[in-house]
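A quick write-up on the structure given underneath.
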Amino acid sequence: MTDSPAPPAVFADFVGGDRAVLTRVSVRLSAEGLDLSPPDGKTLIWPWAELRAEPDQADTETLVISRSGDRLSRLYLRDKNVQAQLRTRAPHLKRRDRAISIPRLMAWAGGAAASVTAIIFVLVPMMAAQLAVMLPPEGEKALGDTTFEQIRMALDETGLVGTPICEAPAGNAAMQAMYDRLNPASDLPYEVQIHILDHDMVNAFALPGGRIVFFRGLIEQAETPEEIAAVLAHEIGHVVNRDPTRDALRSAGSLGVLGLLFGDFAGGTIALFLANQLINASYSQSAEATADDYAHDLLDRAGVSPAALGTMFERLLAEHGDAEGIVAHFMSHPQMGKRIAAAQAAVVDGRQYGSVLGASEWRALQSVCGDAPKGQQDPDLPEKKPWPGSD
């Protein structure tokens, strides 16, 4: 290093790293390195060998200096004479330090992944479960009302008026009679509303606030009223456990966290959907199994065979097969084979089960959206054994 005399002290701006505030300091060149004297009187010494010039600075008149091992502190030097001295006396000024070692980077990445996993799979569900209980019924109903209308609009091909609600009085009365015979009132947190949408989807679901929605396709697919009653009992189980509200809150939370990670880059939406679908599946399978158990008990108490919950699954299983392996993890319901076995196991040996609706009520329910399905319109269909206590 040169033995030229050190220039007198000059002033520079300094950022210590603990807060984003510039501090005016005096800078003097010594044998050891840079002596920095902030206003508090505590002298800092930055050794020559540890000085690094930060690259790609927009202000070409200022030399920005950092210290090896300290990635946050910065010294902004504008004095040309001191800059020249630094370039001569600091042996590693242009060296690029490795900011983070590979093992440390992997450790940080693993810690971040573990934190996100804990947030999505532990913290968010716990918070959703608590909020679902704390949310006033009026808030749940408003959420369910809004979601119901959004679903109607989304399923309407015109996008103008929404999927029609089936309004046939006799058919809706039959659905209400089925609900009354199941008699779940003592278990419910609020009143239940049942709607049938004129759509060929084979599905039914519960919404926050006590709404239960059936699709015409499910009613057409059913071969007996007991199958519809079993599905209704299952959806009532979701209402009793407030699963729709809990799931809505949990999905909103997990999507928010995942959205922060994936952003809106190309392909990010797909990754976001798949990740959230996996989360939904791992959560919903447990909720579905619990709702099945509730339905088995409710059907048995009403004098309807719990096996009815499995008969439609048997036809779907025969037609489409069951989900195995990784596909099963992306399904929002447990495997159909397991659900069929559970429904059959819930049947009490020796107990006499009856029909939940009479033949005329069943025909009315089948035609709630219009004409009854072809082949099931005969007014002379024989009456099944009535539900115990029905007319």
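Going through (1) out of contact with any Gly (no Cβ under 8 Å at 6 or more places or on another chain); (2) open to solvent by 10 Å² or more (accessible area, probe 1.4 Å); (3) not charged (D, E, K, R) one by one, Val192 falls short only on (1). Restricting the first member to the range 66-89 and to residues that are more than 20 Å from Leu22 (Cβ to Cβ), and the second to residues that are open to solvent by less than 30 Å² (accessible area, probe 1.4 Å) and part of a strand (DSSP E or B), the beta-carbon pairs closer than 6 Å and six or more apart or on different chains are Ser68/Arg52; Gln85/Leu29.
Return a yes/no flag: does the range 78-95 have any residue that is of a type in the set (A, V, I, L, M, F, W, C), at pLDDT 85 or above and in a loop (DSSP other than H, G, I, E, B). Yes, because at least one residue in the range 78-95 is of a type in the set (A, V, I, L, M, F, W, C), at pLDDT 85 or above and in a loop (DSSP other than H, G, I, E, B). Quick one: what pairs do we get from the range 309-327, first residue closer than 11 Å to Gly337 by Cα, second modelled with pLDDT under 75 and open to solvent by 50 Å² or more (accessible area, probe 1.4 Å), C-beta under 7 Å, 6+ apart or different chains? That search, which allows pairs on different chains as well, returns Ala323/Met331.
Scanning the range 41-57 for residues that are over 16 Å from Lys94 (Cα atoms) and in contact with a Ser or Thr (Cβ under 9 Å, 6 or more places away or on another chain) yields Thr43, Leu44, Ile45. Evaluate the following for Ala132: is it modelled with pLDDT under 90, part of a helix (DSSP H, G or I) and exposed (fewer than 14 other Cβ atoms within 10 Å of the Cβ)? Judged against the criteria, Ala132 is not a match. For the range 299-322: of the residues being under 15 Å from Pro225 (Cβ atoms) and assigned to a helix (DSSP H, G or I), which is most open to solvent (accessible area, probe 1.4 Å)? Ranking the candidates gives Thr311 first. Scanning the range 135-185 for residues that are aliphatic (A, V, I, L, M), free of Cβ contacts under 8 Å to residues at least 24 places away in the same chain, more than 21 Å from His238 (Cβ to Cβ) and not in a loop (DSSP other than H, G, I, E, B) returns a single hit, Met153. Looking only at residues of the range 175-189 that are hydrophobic (A, V, I, L, M, F, W, C) and open to solvent by less than 40 Å² (accessible area, probe 1.4 Å), we find that the one that is nearest to Glu226 (Cα to Cα) is Met178. Selection of the range 17-44 for residues being surrounded by 13 or more Cβ atoms within 10 Å (Cβ to Cβ) and aliphatic (A, V, I, L, M) yields Val25, Val27, Leu29, Leu34, Leu36, Leu44. Among residues of the range 156-174 being crowded, with 17+ Cβ neighbours inside 10 Å and touching a strand residue (DSSP E or B) at 6+ places or on another chain (Cβ under 8 Å), the one that is farthest from Thr224 (Cα to Cα) is Thr163. Among the residues of the range 200-221, is there at least one that is under 21 Å from Ala287 (Cα atoms), assigned by TED's automatic domain parsing to the domain that holds Asp297 and at pLDDT below 75? No, the range 200-221 contains no residue that is under 21 Å from Ala287 (Cα atoms), assigned by TED's automatic domain parsing to the domain that holds Asp297 and at pLDDT below 75. When the range 186-240 is filtered for residues that are more than 19 Å from Asp297 (Cα to Cα) and part of a helix (DSSP H, G or I), the ones remaining, listed by number, are Arg216, Gly217, Leu218, Ile219, Glu220, Gln221.
The values are calculated or read from the model by the stated rules, or taken from the named source; none is laboratory data. For clarity, every value in this text was computed on a predicted model and none was experimentally measured. Cβ atoms come from the backbone with ideal geometry, glycine included; neighbour counts cover every protein chain shown. SASA here: full protein model, heavy atoms, side chains in, ligands and nucleic acids out. Shrake-Rupley method; radii C 1.70, N 1.55, O 1.52, S 1.80 Å.
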